[in-house]
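Any read-out appearing in this document is the output of simple, stated calculations on the displayed coordinates, not a laboratory observation. A quick note: this is a predicted structure, and the numbers were derived from the prediction, not measured. In this analysis, Cβ positions are derived from the backbone assuming ideal geometry, glycine residues included, and neighbour counts consider all displayed protein chains.
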Amino acid sequence: MPHFDSASTHQREQESTATMARNSRAGLALFAVYLVFYTAFVVLTAFAADWMRTEVAGVNVAIYAGFGLIVGAFLLALVYLWLCRAGSEKNASS
């Protein structure tokens, strides 16, 4: 099968340690953002359970908040991908 052997003619792109460090910092920063939102969700669920049980359009607020966390995680992943690509393109042009 083509392109499945280790003796491929294409060389794997090597990332510099500066790029890897930048990507790691971006990932940790975005993780911290998500951790804040998740902590708020847990605290609200624990200490404002009555409010989380409030129904809006037949669905309680906790369900909306949970879906919001899922969508937020997906959006943060897209931001991380964008940041990593922008950084690698900038380094490639240097």
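So here's what we get for this one:
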{"item": "Ranked packing of 40-47, 19-26, most packed first, by mean Cβ within 10 Å", "result": "19-26, 40-47"}
{"item": "Per-pair calculated FRET efficiency, R0 = 35 Å: residue 55 and residue 82 via Cβ, rounded to 0.05", "result": "0.45"}
